[in-house]
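Participant: Let me give you the structure first, and then I'll get to my questions.
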Amino acid sequence: MPRVQVGIVGAGPAGLLLAHLLAGEGLEVAVLEARSREYLEQSPHRIRAGVLEWGSKEILAQAGLGQRMLAQGLEHRGVYLAFDGALHRLDFPALTEGQSIWVYGQQYLVQDLIRLYLEKGHTIHFEHEVVGLEALEAEPTLVYRTPQGATERLVCEFVVGADGSHSLLRSQIPGAQVHQKTYPFAWLGILAQARPAAEELIYASHPRGFALFSMRSPSIARNYLQVPVDERLEDWPDARIWEELNRRLEGVAQVEPGPLLEKSLTPLRSMVVTPMQHGRFFLMGDAAHIVPPTGAKGMNLALCDAVLLYRAFKAYYQQKDPGPLEAYTPEALRHVWQAELFSYFMTTLLHTPADPFDDGLRQAHLRHLGQSPHLQRFLAENYVGLHTSGRYVGVLRAPVRG
Ligand code: DHB
């Protein structure tokens, strides 16, 4: 039976970044992914993230994975909040230590990570679906189905579950607790061949509901509308979406409709699994935690887990120090809860609730934020990334080999 040092299940941003970093240290890594390469690179049916924190951009660049992101991604030095019919700009470099964010679609990053991994001569086992994990306590063994339908096994010294929000491997942690929260809204998201509403993102609070105006390029807009959780996509023909986007932008900007490239609905929820490890098995990314999308933390959180695990495996294999692997859960949970806090804050600050009392509190908070550099700094430093920028967990303090 074949053996590797680290078996990684899932070729999303977190699994692929970890694979790059570990393989770069000469470790034997296997990446198994249930989907095809085409599916991962396009994934047209799901809302995908688009914002990289300052530290995420730095990690990718330092690891030699950021060439296209730096060339084609858009550096944004601020965002707008829109409320009471006016735009309020948050100037990130001024409110932080000179930091900014990068707008770059998750699909593009996944394409880059796949291409570069294969170019380095490594393998990704696409369409290899993991169906079980055996002998976790002794010699963790991944059981998977090959594209030809055969069931095979791979013995690993360690297994990492990076298999996304519908994770099969999450259930492998005995006694794990799952802390969850649901919100009474969903996001209707569109990607459109249309000019973005502004040169930077607009987070718009409106009595009719929240709307977000983002982009993928100067000619591709990525916009979202707060809708009730039970909303149906069929009830939203394109013209209605554009009309509603413009109503929620009233008085501050307008968008010109263009052809839709995709349209999707995503319910908002928060989830944290703890512990994130058991014996020789570790969970990371969406398999271990979900944030609501407001504030764009999900992908950054996944990349941060990958860097923590990379450093822990490096300590284990190069210094024979198991300490960082043993401390993975408490280390990771520090940045996980910080991101949960910020995502919850952004979600409740910007979405219009049904309860008028809750809405009064929310609007008071928003108006205070519009005037207070202190509150603006809280938002800005979380947005550009407290943990990946090194001020919180300090993941960047140790150099990452490129
Ligand atoms: C995007 C998504 C987000 O959730 C967000 O807060 C900002 C931007 C985006 O898809 O571009």
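The values are calculated or read from the model by the stated rules, or taken from the named source; none is laboratory data. Note that the coordinates shown come from a computational prediction; the quantities given were computed from them, not determined experimentally. No Cβ is skipped: glycine too gets one built from the backbone with ideal geometry, and neighbour counts run over all protein chains shown. Only protein heavy atoms, including side chains, enter the accessible area calculation; ligands, DNA and RNA are left aside. Shrake-Rupley method; radii C 1.70, N 1.55, O 1.52, S 1.80 Å.
Participant: Just to be sure I understand, how many residues within the stretch 265-300 are of a type in the set (Lys, Arg) and within 15 Å of the ligand (Cβ to nearest atom)? If you could, list the steps in order and put the result at the bottom.
Facilitator: So in the stretch 265-300, the residues of a type in the set (Lys, Arg) come out as 269, 280, 297.
Now restrict to residues that are within 15 Å of the ligand (Cβ to nearest atom): 269, 297.
So the answer is 2.
The rows are residues; the columns are (1) outside any loop (DSSP other than H, G, I, E, B); (2) of a type in the set (Asp, Glu).
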site: Leu265; (1), (2): yes, no
site: Arg269; (1), (2): yes, no
site: Val273; (1), (2): yes, no
site: Asp286; (1), (2): yes, yes
site: Thr294; (1), (2): no, no
site: Asn300; (1), (2): yes, no
site: Ala306; (1), (2): yes, no
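Participant: Restrict the check to the stretch 317-331 and report whether at least one residue is at pLDDT 95 or above, on the phi > 0 side of the Ramachandran plot and not in a helix (DSSP H, G or I).
Facilitator: Checked against the condition, which is being at pLDDT 95 or above, on the phi > 0 side of the Ramachandran plot and not in a helix (DSSP H, G or I), the stretch 317-331 yields at least one hit.
Participant: Ok, one more. Which of the residues that make up the stretch 195-204 are in contact (Cβ under 8 Å) with a residue 60 or more places away in the chain and crowded, with 22+ Cβ neighbours inside 10 Å?
Facilitator: Selection gives Leu201, Ile202, Tyr203, Ala204.
Participant: Of everything in the stretch 141-167, what is among the hydrophobic types (A, V, I, L, M, F, W, C) and either surrounded by fewer than 18 Cβ atoms within 10 Å (Cβ to Cβ) or without any contact (Cβ under 8 Å) to a residue 40 or more places away in the chain (or both)? Give them in sequence order. First the steps, then the outcome.
Facilitator: At the first step, the residues of the stretch 141-167 found to be among the hydrophobic types (A, V, I, L, M, F, W, C) are 142-143, 150, 154-156, 158-160, 162.
Within the stretch 141-167, Val143, Ala150, Val155 meet the criteria.
Participant: Shifting gears a bit: Take the residues in the stretch 97-140 that are acidic (Asp, Glu) and closer than 30 Å to Leu386 by Cα, then tell me which one is most open to solvent (accessible area, probe 1.4 Å). Can you show your working first?
Facilitator: Looking only at the stretch 97-140, we keep the residues that are acidic (Asp, Glu), and these are 97, 112, 119, 127, 129, 134, 137, 139.
Applying the additional criterion that residues be closer than 30 Å to Leu386 by Cα yields 97, 112.
Numbers: Glu97: 134, Asp112: 3 Å².
Among those residues, the one meeting the criterion is Glu97.
Participant: Can you report the number of residues in the stretch 5-32 which are open to solvent by 20 Å² or more (accessible area, probe 1.4 Å) and either touching a strand residue (DSSP E or B) at 6+ places or on another chain (Cβ under 6 Å) or on the phi > 0 side of the Ramachandran plot (or both)?
Facilitator: Taking the stretch 5-32 first, the residues open to solvent by 20 Å² or more (accessible area, probe 1.4 Å) are 5, 12, 24-29.
When the remaining residues are screened for being either touching a strand residue (DSSP E or B) at 6+ places or on another chain (Cβ under 6 Å) or on the phi > 0 side of the Ramachandran plot (or both), the result is 5, 26-29.
Residues in the stretch 5-32 being open to solvent by 20 Å² or more (accessible area, probe 1.4 Å) and either touching a strand residue (DSSP E or B) at 6+ places or on another chain (Cβ under 6 Å) or on the phi > 0 side of the Ramachandran plot (or both): 5 in total.
Participant: Also, quick follow-up: Only residues that are away from the ligand (no atom under 12 Å from the Cβ) and under 20 Å from Val229 (Cβ atoms): list them for the stretch 205-218, please. Explain how you work it out, then say what you get.
Facilitator: Keep residues of the stretch 205-218 that are away from the ligand (no atom under 12 Å from the Cβ), which gives 205-209, 218.
Those that are away from the ligand (no atom under 12 Å from the Cβ) and under 20 Å from Val229 (Cβ atoms): Ser205, His206, Pro207, Arg208, Gly209.
Participant: Within the stretch 67-83, work out how many residues are closer than 16 Å to Gln376 by Cβ and over 19 Å from the mean Cα position of the chain (by Cα).
Facilitator: 6
Participant: Residues that are away from the ligand (no atom under 15 Å from the Cβ), over 30 Å from His351 (Cβ atoms), part of a helix (DSSP H, G or I) and at pLDDT below 95: does the stretch 12-21 have at least one? It would help to see each step written out before you state the result.
Facilitator: Filtering the stretch 12-21 for residues away from the ligand (no atom under 15 Å from the Cβ) gives 12, 14-21.
From what's left, over 30 Å from His351 (Cβ atoms): 15-21.
Right, trim to part of a helix (DSSP H, G or I) and you get 15-21.
Within this subset, residues satisfying the condition of being at pLDDT below 95 are none.
No, because not a single residue in the stretch 12-21 is away from the ligand (no atom under 15 Å from the Cβ), over 30 Å from His351 (Cβ atoms), part of a helix (DSSP H, G or I) and at pLDDT below 95.
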